[in-house]
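Worksheet: the structure to be examined is printed underneath.
The values are calculated or read from the model by the stated rules, or taken from the named source; none is laboratory data. Fair warning: this is a prediction, and the values are worked out from it, not measured in the lab. Every residue, glycine among them, receives a Cβ derived from its backbone with ideal geometry; neighbour counts consider all protein chains shown.
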Amino acid sequence: MARNTNAQRPARSVNDPKTGKFANAGAAAGGFVGAMGGSFVPPINVTVNNNKSAARANGTGRSDSLLPSPEFTSPAQVRNYCNTLRAAGVTLAIEVAMGAEILKGVLAAVPDPEGKAFGSRIRAAKVARKLNKASDDLKSAAKNAAAAYSTFQQQYEEEINRVRHRARKPQQPVMNWAQQ
């Protein structure tokens, strides 16, 4: 009985649908990971809003600010100010943290002048640590803005409830289907 050896088998090409389907998948994945490993930079979106004309139309004149003008003549304005501050703090905290990581990666590539092992990474981490602290402070500002509105509601609950019943719409009469 003759055994089937490689010499007796017909040679199959890489493009053969039976065997070559995934032949280069490992090489392609390895090449992709290898290429991306040392140069991965996360995408950053920067949004610039031009509110100058809208601010002039509203009469606020505060076109260069991320926050609404501090006019606290109603609970809604207090809520709007605190919510806007919280949202801005969270957004800026995320962007600063991402910026810290990117800066850390860029500075780690700069060679250490004394030639110390991992010296460039240590110097980069020291610089990025300050930006991470700024990110933490922005998170804290966002948290405190939310807490400020919560405290406002607690401290002025009586005044808010005093006018709340006047602000409600009158109840519509309920249809009584049993009465015909």
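Can you say whether residue 139 is surrounded by 16 or more Cβ atoms within 10 Å (Cβ to Cβ), of a type outside the set (A, V, I, L, M, F, W, C) and under 30 Å from residue 78 (Cβ atoms), as far as the supplied structure shows? When the stated conditions are applied, residue 139 passes them. Provide a single number: the residues in region 82-105 that are touching a residue at least 60 places away in the same chain (Cβ under 8 Å) and not small (Gly, Ala, Ser). Residues flagged as touching a residue at least 60 places away in the same chain (Cβ under 8 Å) and not small (Gly, Ala, Ser) within region 82-105 amount to 5. Cβ-Cβ distances below 8 Å connect the following pairs, each with a first residue in region 160-180 that is within 30 Å of residue 150 (Cβ to Cβ), a second residue that is at pLDDT 80 or above, and a separation of six or more residues or different chains: 160/75; 160/153. Each residue in region 61-82 was checked for being under 21 Å from residue 136 (Cβ atoms) and part of a helix (DSSP H, G or I), and 1 of them qualify.
For region 142-164, how many residues meet the condition of being surrounded by 12 or more Cβ atoms within 10 Å (Cβ to Cβ), part of a helix (DSSP H, G or I) and either within 28 Å of the chain's Cα centre (by Cα) or not polar (S, T, N, Q) (or both)?
Adding up the residues that qualify gives 11.
Here residue 50 meets the list (1) more than 30 Å from residue 161 (Cα to Cα); (2) in a helix (DSSP H, G or I); (3) modelled with pLDDT under 90 almost entirely, failing just condition (2).
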